[in-house]
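The values are calculated or read from the model by the stated rules, or taken from the named source; none is laboratory data. The model shown is predicted, which means the values in this text are computed figures rather than measured ones. With ideal geometry, Cβ positions are generated from the backbone for all residues, glycine too; neighbour counts draw on all protein chains shown.
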Amino acid sequence: MRTRIIVRSFEQVLQILRDNGFDVRDIPGVAGQVVVGKYGAAAVLARNPKYSAKTAEDELHPVTWITPPGWVLRGKISRLVDHGNQKLFETPTARIAATADALKSIHRFSEELREAIGEPSLYNESLGTVSNSYMYDRVKGREPEPATAPDGH
């Protein structure tokens, strides 16, 4: 059975977030974008410019993610990067190891945010925090040698 997607207006989503204890702030100088935060995590949301009553049938949503959920590190929303043996929170100016408590907070924040927006909860994301990128096995000099033909060419 297909999951029904709840369509809420951008204003309805912001009000639901405020009612549920999220910190909702407009981004100065950027029209239509807001930073939402809770539990030490944050994300940037905006109105979807492609959304209209006609596109609602195509399952487009009135709210779009500008920055996916991440841990707030030195005032910036970090990206979670999986380096194989360790997960790190990274911003352009900082990099720290991800703790279990921080990962749980991001996961909880993401689930509550998706519910407020009206997006379905995906199975793989409901299992735990999903990294923004995976950088393991990308060590310089570890690339395999190009294969040569048996005749030496």
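Does segment 49-61 contain any residue that is modelled with pLDDT under 80, in a loop (DSSP other than H, G, I, E, B) and either among the small types (Gly, Ala, Ser) or touching a strand residue (DSSP E or B) at 6+ places or on another chain (Cβ under 6 Å) (or both)?
The first filter runs over segment 49-61 and keeps only residues modelled with pLDDT under 80, leaving 49-61.
Now restrict to residues that are in a loop (DSSP other than H, G, I, E, B): 49-54, 59-61.
So of that shortlist, the ones also either among the small types (Gly, Ala, Ser) or touching a strand residue (DSSP E or B) at 6+ places or on another chain (Cβ under 6 Å) (or both) come out as 52-53.
Yes, that holds for at least one residue.
Out of segment 75-106, which residues are touching a helix residue (DSSP H, G or I) at 6+ places or on another chain (Cβ under 8 Å) and not aromatic (Phe, Trp, Tyr)?
Taking segment 75-106 first, the residues touching a helix residue (DSSP H, G or I) at 6+ places or on another chain (Cβ under 8 Å) are 80, 87, 89.
Of everything in segment 75-106, those that are touching a helix residue (DSSP H, G or I) at 6+ places or on another chain (Cβ under 8 Å) and not aromatic (Phe, Trp, Tyr) turn out to be Leu80, Lys87.
Do we have any residue at all in segment 113-122 that's at pLDDT below 65 and either over 23 Å from Asp19 (Cα atoms) or exposed (fewer than 11 other Cβ atoms within 10 Å of the Cβ) (or both)?
Yes: one or more hits.
If I filter segment 30-37 for residues that are at pLDDT below 80, among the aliphatic types (A, V, I, L, M) and surrounded by 14 or more Cβ atoms within 10 Å (Cβ to Cβ), do I get at least one hit?
No, that holds for no residue.
Suppose the filter is under 24 Å from Gln33 (Cβ atoms), at pLDDT below 80 and not in a loop (DSSP other than H, G, I, E, B); does Glu125 pass it?
Details: under 24 Å from Gln33 (Cβ atoms): yes; at pLDDT below 80: yes; not in a loop (DSSP other than H, G, I, E, B): yes.
Taking the combined requirement at face value, the residue satisfies it.
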